[in-house]
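Supplied in structure tokens, the structure appears directly below.
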Amino acid sequence: MAVTKMFGASVKRREDSRMMTGRAEYTDDVRLTHTLHMCIVRSPYAHARIKSIDTSAAKSMPGVVAVYTGEDLKDDLGQVPCAWLIPDCNLKVPEYRAVAIDKVRFVGDQVAVVVAEDRYQAEDAADAVSVDYEPLDVVTNQEDALQDGAPQLYDDVPNNLAFQWKIGGGDFDAAFASADVKISQRFVNHRLIANAIETRGATVEYNPGSGRLTAWITSQNPHIHRFLISGATGIPETDIRIISTDVGGGFGSKIPTYAGEMLACAIARKLGAQVKWMETRRENYVTNAHGRDHIDYVDVAASKDGVVSGIRVNSFANHGAYLSTAAPGVPTWLFGTMLSGAYKIPNIDCTVNGVLTNTTTTDAYRGAGRPEATYILERVMDLVAHETGLDPVEVRRRNFIQPHEFPYTVATTLEYDSGNYEEALNQALQTVGYEDFRREQEQARAEGRLLGIGFSTYVEVCGLAPSAAAGAMGFQGGLWESSTVRMHPTGKVTAFTGASPHGQGEETTFAQLIADELGVPFHDIEIVHSDTDRIPFGWGTYGSRTTAVGGSAMVYASRRIIDKARRFAAHMLEVSVDDIDFNDGIFSVKGSPEQSKTIQDVCLAAYLAWDLPEGEHPGLEESYFFDPTNFTFPFGTHICIVEIEPDTGQIEIKRYVAVDDLGNVINPMIVDGQIHGGITQGIAQALYEYAVYDESGQLLTGSMMDYCVPKFHHVPTFELGRTVTPTPVNPMGLKGAGETGTIASTPAVVNAIIDALRPLGVKHVDMPFTSERVWNVIQERKGS
């Protein structure tokens, strides 16, 4: 498309052509000669002692190369890592080995590994491994797990309590004692399963001669995978190469380092061979990190005028059978710090209890902690409106942080960068026609129709980055990003980023940034990512940080190139550096624009090095490490209108309006796509998706036959709008867009449903709002 500036242009995603034509190379597409295939034998019990394992039959089967138990591998592989060690909470990280030795703790736990010449032989041999189990009592609910006499998962984690974490500010007890309005409510934010198109896997090549290991892994953070696999296997980090160029979705579930890829690497080294492991969808459901699973007890203090003076949350977070890579940080720092939302709430008291149960581990899932906090706050605003008789919009207005108050420090210590919450709300209200809707709703209720509207005026914390903050929070790493930008002699550009795009579109948006900075054509720019042998170190993609942090490093590296090229241009044009202007790829002399050199001219001269300025080195290549001073805080208003069919409980989303403020936007079309996907995932939690375990710890929703992933006909047309409040935190003024829709949409949908049911006296119902659940609520209310 013909544009004068790339920043702000809706350029088509350049990565889509290979993905839509089947030319992308995912982990399972990697074909190495003489590759062996690995299959994992998994426990059918949620809690059991391993009495014995007989591998003799499996070892004698055709094509089988090796069969390993936990005992066989205990000296080859360390434990599965937990890398977010939150301080001051009596954290207990139990040992979790890649293959169980004495005890299994969830359905799907690894008990043996089979390696064979092809996948079919490996799976057949895995079925032949005989394990004698002694079943133990099971606990799957986090509140039950804390009770006296509950089954204990680990001897060194008493009462299954892995940690108890607290944060807050002000004096909630005093605020509650003096409040006109006191509300207490239990909220359930149920468990979800990430459904990336590509399941997890690894294709590993080991060279016994050099000791080098190359692994293609479905990862959101290749360098972190390299770092953690090095620690687990003892292979030097410099001898490991991780490649994750094309990843079929992640949603947070491909942040952790799992047993599967650790085993593939360790066994490839042990056998001196190529090893491939790709999990099935069933394995993915029972072993891939799940999301959410909070039970929250909330107390609210408010005035009769609808002003919230305090909120107290006692949260019980279900972590499953072990603490995954980032697990302790998700329901604590990413949740508790955001319990003020868009509102001035001076008194906040939050306690989070991290609990172990006989279920699959939980970790980051799109939004990661922020959706859980936003859900509480947005439901609270509606409950306050109900108790005071005020309009829910008015309650939000009365509690908003005002534009002139930024930067604003909330009671949980975060400093919000910028915001204008009422502007986004007003635009959304105008789009939806709020006053007209309320009149329509009044008429519908008179006719016996259940029509409702719901709001979510959210704030999220994004651009996860400040390394000092990460250290204070117990994250075992930094959160800066790095980039190297190289101009070639012909003027073409290769930019290397430590970030790891996997569907967000940064191969396009990063090229747009560089095109504007260097003044070179968009199609002359190559973006290289997700290969640890080619790129600088980086911390990965999650928390809507890739562009805000990684893109900033790329912008600053590009500006260093311009600074150097300006000195070369001044030398070539025989003027001082201060007399050189640079615009749209052309260096010119101030006041004499006809005296000029293109950046391509300067680049070639820099490489030829026939006549260098004094003190300069040849070439045009620069690097930059960017560690911002703060997070970014996108915000907005989402409004949902629903109608419920009383006879069936069926819910129809009639309209969905979203006005988001993400700061400046590089590519509006890509951002719209991110928001569409995010809203769909949030709607899915409210209406369709939920993971269910039975009392024995079996996952009843273990396939897409039972776990309802929404289809296109389940979602409406989205009406999107934007306001623009730039952030001062990075040079582009952008805030991040990857998780916005998911964070905002779930409470908007839930609030709309509760509003529709309000004539029946309904104040709260827990998600998910399946037709059966809604129908039962309607029947109960009609009966009473």
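The values are calculated or read from the model by the stated rules, or taken from the named source; none is laboratory data. It should be emphasised that the depicted structure is a prediction, and the values quoted were computed from it without experimental measurement. Every residue, glycine as well, gets a Cβ built from its backbone with ideal geometry; the counts of neighbours run over all protein chains shown. In case anyone asks, the SASA skips ligands and DNA or RNA and just uses the protein heavy atoms, side chains included. Shrake-Rupley method; radii C 1.70, N 1.55, O 1.52, S 1.80 Å.
Give the lysines whose C-alpha is closer than 23 Å to that of Lys492, dropping any in the same chain fewer than 8 places away, or say none.
Of all the lysines, those that pass the test against Lys492 - Cα under 23 Å, at least 8 places apart if same chain - are Lys5, Lys12, Lys564, Lys597.
Let me ask something additional. How long are the semi-axes of the equivalent ellipsoid of the range 432-483, defined as square roots of 5 times the Cα gyration tensor eigenvalues? Whole Å, largest first. Provide the component values of the computation, followed by the final result.
Working: eigenvalues 495, 28, 12 Å².
Working from the Cα gyration tensor, I get semi-axes of 50, 12, 8 Å.
Would you mind telling me the antiparallel percentage of the DSSP bridges in the chain, rounded to 5?
80
Then there is this: From Cα pairs below 8 angstrom and at least 6 apart in sequence, can you work out the relative contact order of the chain, rounded to a whole percent?
Numbers: 1945 pairs, mean separation 119.8, N = 784.
With pairs under 8 Å counted, the relative contact order is 15 percent.
Further, regarding this structure: Students often forget the sequence filter, so: which lysines lie under 27 Å Cα-Cα from Lys654 once same-chain residues fewer than 8 apart are removed?
Reachable lysines: Lys711, Lys763, Lys782.
Keeping all protein chains in place, calculate the accessible area per residue for the chain (probe 1.4 angstrom), answer in Å². Intermediate results must be reported in sequence, preceding the final value.
Details: 28510 Å² over 784 residues.
Per-residue value: 36 Å².
Per residue, how much space in cubic angstrom lies within the convex hull of the C-alpha atoms of the chain?
178
Not counting ligands, DNA or RNA, and with a 1.4 Å probe, what is Leu334's accessible surface area in Å² rounded to the nearest 10?
The accessible area of Leu334 comes to roughly 20 Å².
So what's Rg/Rh here for the range 480-626, counting alpha carbon atoms and using the Kirkwood radius for Rh? Mind showing how you got there, number by number?
Values: Rg = 15.7 Å, Rh = 15.6 Å.
Here the Rg-to-Rh quotient is 1.01.
In whole percent, and with a 1.4 Å probe on the protein chains, what portion of the accessible area of the range 267-423 is carbon and sulfur?
Numbers: 1680 of 3540 Å².
Of all accessible area on the range 267-423, carbon and sulfur atoms account for 47 percent.
If I compute solvent accessible area with a 1.4 Å probe over the protein chains, what percent of it on the range 480-626 is carbon and sulfur?
Of all accessible area on the range 480-626, carbon and sulfur atoms account for 48 percent.
Sort 698-704, 760-766, 104-110 by the packing proxy (mean of other Cβ within 10 Å over each peptide's residues), most packed first. List each step's numbers first, then the result.
Details: 698-704: 16.6, 760-766: 13.6, 104-110: 25.7.
By packing density, highest mean first, the sequence is 104-110, 698-704, 760-766.
Excluding same-chain residues fewer than 8 positions from Lys304, which aspartates and glutamates have a Cα within less than 12 Å of its Cα?
Asp180, Glu387
Sort the following peptides by mean Cβ neighbour count (other Cβ atoms within 10 Å, averaged over residues), highest first: 535-546, 670-681. Before the final figure, lay out the partial values.
Values: 535-546: 25.2, 670-681: 21.5.
Final packing ranking: 535-546, 670-681.
Do you know the relative contact order of the range 480-626, to the nearest whole percent, from alpha carbon pairs under 8 angstrom that are 6+ apart?
Details: 284 pairs, mean separation 48.0, N = 147.
About 33 percent, as a whole number.
Each residue of the range 55-61 in order: what ³J(HN,Hα) in whole Hz does its phi give by Karplus 6.51 cos²θ - 1.76 cosθ + 1.60, θ = phi - 60°, with x for Gly and Pro?
9, 4, 5, 5, 5, 8, 7
Enumerate by residue number the GluC sites (Glu not before Pro) in the range 394-486 meeting two conditions: DSSP loop (anything except H, G, I, E, B), and at most 16 other Cβ atoms within 10 Å of the site's Cβ. Walk me through the numbers before you get to the answer.
Details: sites: Glu394, Glu405, Glu415, Glu422, Glu423, Glu435, Glu440, Glu442, Glu447, Glu460, Glu481; in loops: Glu447, Glu460.
Filter output for the range 394-486: Glu447.
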